[in-house]
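What follows is a set of notes on a single structure, which appears directly below.
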Amino acid sequence: MKKNLILWEGNSLLDNAPIAVIALLSSNNRKTGDNGVKNMVQTVIIRTDIDPVTASKNKQDESICGSCIHRQSLGGACYVNLGQMPLSVYRAYKRGSYEYLSDMNKHWLYGRALRLGAYGDPAAIPMEIWSNVINDCKISHYTGYTHQLNYKKNGFEFDKNLTNFCMISADTPKQAKKIRDLGYRTFRVKTENSPIMANEIECLSDTKNIKCIDCGLCDGIGKNKTSIVIDIHGSRKKSYVNKYEKVNISALA
């Protein structure tokens, strides 16, 4: 099995803290694909000066998650177990276990599918980094999600070119409509049994058990104009339900 790769190190566009992007060439995520080369390459964004568990505890995860309402540090419903994959990646990074992406190893990514931000928001990274990786490493297709369209802190300016690669995350029907009125596709979480809006379809992983690597609909603006909706899931979903269940139902009544 090939080693994982450091795609980039630098300062977060969200708050200027030091971060890195790690590409995991093998993953056990059954939703995105089978283990090994049949899975999507997962990219993980970490702070390089503090582990993800501590960063969340101290609310320093804004460097990689920005304004996402699902941040665990804000009591949100993020399903990522910070003490597992993100922490393992951070520790391996600090041990020097990963190679840097170079002309000598970029062929490891050739023809692979790529998920931008399995943990962390792709908008924290300069757009040209994603573009260079996707083009130079001959990525076959990609998916991604960003919550940072309206992030205004620390002089951050959202690069609209990111919407070529990423869906805009929406957390309420009203928010989703506003985003789509701007011409973007949305990936919206909702409460169970709440309605689906016009121009939305349910995530095919949930409805037809189609893996992300075989679907590829969450590719930003892409060729498909349909937006995607999914029921909130994970062990922390109650926090979202408690706050947004009424608005999910009443907004479409």
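What number goes with the only condition from (1) in contact with a Ser or Thr (Cβ under 8 Å, 6 or more places away or on another chain); (2) under 25 Å from residue 165 (Cβ atoms); (3) surrounded by fewer than 18 Cβ atoms within 10 Å (Cβ to Cβ) that residue 245 does not pass?
It fails just one condition, (2).
Any residue at all in region 6-19 that is open to solvent by 20 Å² or more (accessible area, probe 1.4 Å), touching a Pro at 6+ places or on another chain (Cβ under 7 Å) and modelled with pLDDT of 95 or more?
Scanning region 6-19 turns up at least one residue that is open to solvent by 20 Å² or more (accessible area, probe 1.4 Å), touching a Pro at 6+ places or on another chain (Cβ under 7 Å) and modelled with pLDDT of 95 or more.
Okay, residues lined up against (1) within 28 Å of residue 188 (Cβ to Cβ); (2) surrounded by 15 or more Cβ atoms within 10 Å (Cβ to Cβ); (3) at pLDDT 95 or above:
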| residue | (1), (2), (3) |
| --- | --- |
| 23 | yes, yes, yes |
| 27 | yes, yes, no |
| 35 | no, no, no |
| 44 | yes, yes, yes |
| 53 | no, yes, yes |
| 62 | yes, yes, yes |
| 72 | yes, yes, no |
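Name the single residue that is least open to solvent (accessible area, probe 1.4 Å) among those in region 89-109 being free of Cβ contacts under 8 Å to residues at least 40 places away in the same chain, more than 16 Å from residue 47 (Cα to Cα) and in a loop (DSSP other than H, G, I, E, B).
102
When you scan region 174-188, how many residues do you find that are under 16 Å from residue 245 (Cβ atoms) and surrounded by fewer than 22 Cβ atoms within 10 Å (Cβ to Cβ)?
Residues in region 174-188 being under 16 Å from residue 245 (Cβ atoms) and surrounded by fewer than 22 Cβ atoms within 10 Å (Cβ to Cβ): 2 in total.
Answer yes or no as to whether residue 227 is buried (at least 17 other Cβ atoms within 10 Å of the Cβ), among the hydroxyl-bearing types (Ser, Thr, Tyr) and over 18 Å from the mean Cα position of the chain (by Cα).
Judged against the criteria, residue 227 is not a match.
Would you kindly identify the strands (runs of 3 or more DSSP E) lying entirely within region 143-253 that contain at least 3 residues that are touching an Asp or Glu at 6+ places or on another chain (Cβ under 6 Å) and modelled with pLDDT of 90 or more?
Here the list reads 227-231.
In region 114-142, what residues are aliphatic (A, V, I, L, M), in a loop (DSSP other than H, G, I, E, B) and surrounded by 24 or more Cβ atoms within 10 Å (Cβ to Cβ)?
Matches in region 114-142: 125 only.
The values are calculated or read from the model by the stated rules, or taken from the named source; none is laboratory data. Here the structure is a predicted model, which means the values were calculated and not measured. When we count neighbours, we look across all protein chains shown, and the Cβ atoms used for this are built from the backbone with ideal geometry, even at glycine. For the accessible areas, the whole protein counts, side chains as well, though only heavy atoms, and no ligand, DNA or RNA atoms are used. Shrake-Rupley method; radii C 1.70, N 1.55, O 1.52, S 1.80 Å.
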